[in-house]
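Novice: The structure is given below, and queries will be raised subsequently.
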Protein chains: 2
Amino acid sequence: MRIGIVGGTGDIGEGLAHRLSHEHEIIIGSREKDKACTMSKSLTDNLAEKGVLDAKCAGATNQEAVDNGDIVILSVNYKHLESTLAGLTGFEDKIVITPVNPISKKDHFYFDPPAEGSAALEIKRLLPESSRIVAAFNNISAQKWKRLSEKLDYSVVVCSDDEDAKKTVMELVNSISELKALDGGPLEMSSVVESLTPLILNIAKYNNMKDVGIKFF
Amino acid sequence: MRIGIVGGTGDIGEGLAHRLSHEHEIIIGSREKDKACTMSKSLTDNLAEKGVLDAKCAGATNQEAVDNGDIVILSVNYKHLESTLAGLTGFEDKIVITPVNPISKKDHFYFDPPAEGSAALEIKRLLPESSRIVAAFNNISAQKWKRLSEKLDYSVVVCSDDEDAKKTVMELVNSISELKALDGGPLEMSSVVESLTPLILNIAKYNNMKDVGIKFF
């Protein structure tokens, strides 16, 4: 499967690209294509050192990541979400994964959703009606994605109104490390999944824990 | 510690009373005192059979459960919460634990909070200012509480604006089976913790799982 990552050089993009490129063709998108190409080269070299010689990864613009991905992952900080999407086209019929969490902070972190109720529901409003929005990967910390030597042994709740797209994304989730996809129901439930991230950040803060993850069992 | 359980004969009350009565004095409150006394007798007999001879458990009215508990647990379905609290007094200075979740259902379960943002925040508004509200035990299924032979090996997120009350409740949580208390921050965060319960119910439904619990690690 060809996976385009919008915002692929920042935040969780690098670890995500790395962990996906074992089994999939990755297009790392960035506002600065040079940066994406540099990251792609470093990622391919790193995998080659580990004996993975056929990794397919390319640097690209964000628009090229959308155009060439069967699946597009929006690896974008919530505050840049609307402006990033405003500058891109071609989402028709694509599976679009959102790991985006609208979070703010006072003395503690809290869920700060848009009027639609969640970032995923806002994305659904902003993108063409035929795009297939799936919320996933919301609750894994960027640090965990980056530490490639560590297993990711968490639950990943996947929410969508498109059952086929949801199934495809659940298979994608299950192809990464020890992640286990769980069907979380319709896209409306993304509000709970997104709001879990500030709770997780608070739990880490108040209990002196690091990179807290979650498991449903 | 003396723990009064309002609504102690219903829902999670029985399992909660049973598991707490190993180490604490329990007052099972009910609208029907006879029912509470019957349950208390059965619980004490059951523990005696297992060799626990000094369990202290008594049946009572809900008002007596409030009056005699150092800690009061509101084991009440959300739809009866307001009417139950309207009929009770004496919450001044008490630690009040709320495991209450405002949930509704259409094709799936969803979080259906009051205007305050969560059941815990509504309770804070309804009770005297000196009562010390703590959200805890929100995400453990009634079935799990009931099956006394099974370990409870979950995280329990505890939220409160009263740090001392929170600490006391975290110790109480840690005294039950393998439960692990986690400080979830201020009472405001109870909205996320309560909203996790419909997500858990949906995960159970959509993934053919039973009595789903949660662990943060």
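The values are calculated or read from the model by the stated rules, or taken from the named source; none is laboratory data. What you see is a predicted model; the values in this text were computed from it and never measured. Here Cβ is always computed from backbone atoms with ideal geometry, including for glycine, and neighbour counts include all displayed protein chains.
Novice: Filter the stretch B:45-58 for residues that are outside any helix (DSSP H, G or I) and either hydroxyl-bearing (Ser, Thr, Tyr) or free of Cβ contacts under 8 Å to residues at least 40 places away in the same chain (or both) and give the result.
Specialist: B:50, B:51, B:52, B:53, B:54, B:55, B:56, B:58
Novice: Condition (residue is touching a His at 6+ places or on another chain (Cβ under 6 Å) and surrounded by fewer than 20 Cβ atoms within 10 Å (Cβ to Cβ)) applied to the stretch A:1-23: is it met by at least one residue?
Specialist: Within the stretch A:1-23, one or more residues are touching a His at 6+ places or on another chain (Cβ under 6 Å) and surrounded by fewer than 20 Cβ atoms within 10 Å (Cβ to Cβ).
Novice: Somewhere in the stretch A:98-115, is a residue in contact (Cβ under 8 Å) with a residue 12 or more places away in the chain, hydrophobic (A, V, I, L, M, F, W, C) and surrounded by 24 or more Cβ atoms within 10 Å (Cβ to Cβ)?
Specialist: So far as the stretch A:98-115 goes, yes, one or more of its residues are in contact (Cβ under 8 Å) with a residue 12 or more places away in the chain, hydrophobic (A, V, I, L, M, F, W, C) and surrounded by 24 or more Cβ atoms within 10 Å (Cβ to Cβ).
Novice: Right, another one. Exactly one condition in (1) surrounded by 24 or more Cβ atoms within 10 Å (Cβ to Cβ); (2) at pLDDT below 95; (3) within 13 Å of chain B (Cβ to nearest Cβ) is false for residue A:145; which is it?
Specialist: It fails just one condition, (3).
Novice: Additional query: Which residue, of B:155, B:160, is more than 10 Å from every other protein chain (Cβ to nearest Cβ) and under 26 Å from residue A:190 (Cα atoms)?
Specialist: B:160 is the lone residue from the list that is more than 10 Å from every other protein chain (Cβ to nearest Cβ) and under 26 Å from residue A:190 (Cα atoms).
Novice: Residues being surrounded by 15 or more Cβ atoms within 10 Å (Cβ to Cβ) and either modelled with pLDDT of 95 or more or of a type outside the set (Gly, Ala, Ser) (or both): count how many of those fall in the stretch B:127-142.
Specialist: Going through the stretch B:127-142 one residue at a time, the tally reaches 11.
Novice: Can you pull out every residue in the stretch B:164-217 that is over 23 Å from residue B:131 (Cβ atoms), more than 10 Å from chain A (Cβ to nearest Cβ) and among the small types (Gly, Ala, Ser)?
Specialist: Of everything in the stretch B:164-217, just one residue is over 23 Å from residue B:131 (Cβ atoms), more than 10 Å from chain A (Cβ to nearest Cβ) and among the small types (Gly, Ala, Ser), namely B:177.
Novice: Here is a follow-up. Yes or no: the stretch A:88-96 includes at least one residue that is more than 12 Å from chain B (Cβ to nearest Cβ) and of a type in the set (Phe, Trp, Tyr).
Specialist: Scanning the stretch A:88-96, I find at least one residue that is more than 12 Å from chain B (Cβ to nearest Cβ) and of a type in the set (Phe, Trp, Tyr), so the answer is yes.
Novice: Mind listing whichever residues of the stretch A:59-91 are touching a helix residue (DSSP H, G or I) at 6+ places or on another chain (Cβ under 7 Å) and either modelled with pLDDT under 95 or part of a loop (DSSP other than H, G, I, E, B) (or both)?
Specialist: Passing the criteria: A:75, A:76, A:88, A:90, A:91.
Novice: Continuing with the same structure: Looking at the stretch A:11-25, can you tell me whether even one residue there is part of a loop (DSSP other than H, G, I, E, B) and either β-branched (Val, Ile, Thr) or in contact with a Phe, Trp or Tyr (Cβ under 9 Å, 6 or more places away or on another chain) (or both)?
Specialist: Yes, because at least one residue in the stretch A:11-25 is part of a loop (DSSP other than H, G, I, E, B) and either β-branched (Val, Ile, Thr) or in contact with a Phe, Trp or Tyr (Cβ under 9 Å, 6 or more places away or on another chain) (or both).
Novice: Would you be able to tell me the number of residues in the stretch B:168-217 that are of a type in the set (Lys, Arg), in contact with a helix residue (DSSP H, G or I) (Cβ under 9 Å, 6 or more places away or on another chain) and either crowded, with 24+ Cβ neighbours inside 10 Å or within 30 Å of residue A:186 (Cα to Cα) (or both)?
Specialist: Number of matching residues: 1.
Novice: Please work out if residue B:38 is in contact with a Cys (Cβ under 9 Å, 6 or more places away or on another chain), farther than 14 Å from residue B:71 by Cα, surrounded by fewer than 21 Cβ atoms within 10 Å (Cβ to Cβ) and β-branched (Val, Ile, Thr).
Specialist: In short, no.
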